[in-house]
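Read the structure below first, then the notes.
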Amino acid sequence: MKPVTTFPVPDPDVDLVLPCLNEAGALPWVLSRIPPGWRALVVDNGSTDGSAELARALGATVVREERRGFGAACHAGLTAATADIVCFCDCDGSLDPALLLPFVAEVRAGGADLVLGRRRPQGRGAWPAHARAGNIALARMLRRRTGLRLHDLGPLRAARREALLGLDLTDRRSGYPLQMVVRAADAGWRVAEHDVPYLARTGVSKVTGTWRGTWQAVRDMRRVLAEPPTPVGVRAQAQTAARTGTRTGVQPGAQVSAPAPASALEPSRGGTVQ
């Protein structure tokens with residue numbers, strides 16, 4: 001597909017966070033699929049292949065996050081966002097950002113507080129067996145921990161920005177997507193899941209491309225699942241925040257965070273928008 005240049009949006013309808021580490025090969029297609037009126041926030045996490053320069057040339061807003069880690073990049077994008085609704089999508093060409101349109105509509109209409117994409121692999125090689133097995137195991141552990149009957153913990157998702165900030169997410173590695181769901185469940189959010197086609201990514205995955213990377217991700221996520229549930233009073237306030245798009249004075253995540261190594265849970269210093 002011929003790349004289509006996006007243009008900076010001064011008052012975006014939706015901010016789309018795209019964590020990026022050496023994804024120059026996939027960026028043109030990914031950015032060409034972003035719906036009109038949305039702003040692409042490409043969070044460069046230390047790329048050496050010119051990803052940041054390419055993203056900027058294609059019209060995306062580039063946020064630099066020096067600290068390595070999927071969660072660090074995602075959170076830098078979230079804190080840089082200004083739109084009422086924020087979406088997340090991988091930047092490797094495995095998921096089509098246009099699939100987020102109905103997700104946003106569902107959040108905006110009040111049908112759900114957090115909408116997730118359940119990945120359905122398209123063809124062999126789209127989702128390695130070890131990565132799929134790890135995802136199934138985590139979904140089962142999540143069900144035991146929260147009661148949510150989800151099938152996937154994929155990166156395609158949408159929610160209101162202020163409500164997400166109110167979750168006070170602290171993981172800065174592979175546990176970030178799971179921590180978002182756990183704390184949302186503890187806060188009483190309505191979580192929806194919809195099937196989305198999952199394509200073979202461009203390049204090699206930094207997380208699930210190897211057994212070692214997959215194991216590290218599972219370890220990060222198991223730590224997140226060990227967090228104690230959110231207190232009832234905090235949960236009620238977080239429910240209100242999720243449905244009105246406003247933050248409360250209480251940060252639910254700050255109340256329940258379990259101790260963890262500083263290297264994993266140290267808050268991000270924040271990305272630099274360029």
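Compute the accessible area per residue over the stretch 140-205, keeping the other protein chains in place, probe 1.4 Å, unit Å². Show your work: numbers first, answer last.
On the way: 2230 Å² over 66 residues.
Per-residue value: 34 Å².
Given axes a ≥ b ≥ c from the Cα gyration tensor, I'd like to know whether the stretch 34-83 is rounded (a/c under 1.5), prolate (a/b larger than b/c) or oblate. Write out the running numbers ahead of the final one.
On the way: a/c = 2.56, a/b = 1.17, b/c = 2.20.
Taking the square roots of the gyration eigenvalues as a ≥ b ≥ c, the stretch 34-83 is oblate.
Using the Cα gyration tensor of the stretch 121-163, with a ≥ b ≥ c the square roots of its eigenvalues, what is the shape: rounded (a/c below 1.5), prolate (a/b larger than b/c) or oblate (neither)? Here the stretch 121-163 falls in the oblate category.
Based on the Cβ-Cβ distance of H151 and R108, what FRET efficiency does E = 1/(1 + (r/R0)^6) give at R0 = 25 Å, to the nearest 0.05? Please list the in-between numbers first.
Working: r = 24 Å, r/R0 = 0.97.
After rounding to 0.05, the efficiency reads 0.55.
Could you tell me how far the Cα centroid of the stretch 85-122 sits from the Cα centroid of the stretch 147-204, in Å? For the stretch 147-204 versus the stretch 85-122, the Cα centre distance is 10 Å. Projected over every direction and averaged, the convex hull enclosing the alpha-carbon atoms of the stretch 1-126 yields 8.0 nm².
The values are calculated or read from the model by the stated rules, or taken from the named source; none is laboratory data. A quick note: this is a predicted structure, and the numbers were derived from the prediction, not measured. Backbone-built Cβ (ideal geometry, glycine too); neighbour counts: all protein chains shown. Areas reflect the complete protein model, heavy atoms only, side chains present, ligands, DNA and RNA absent. Shrake-Rupley method; radii C 1.70, N 1.55, O 1.52, S 1.80 Å.
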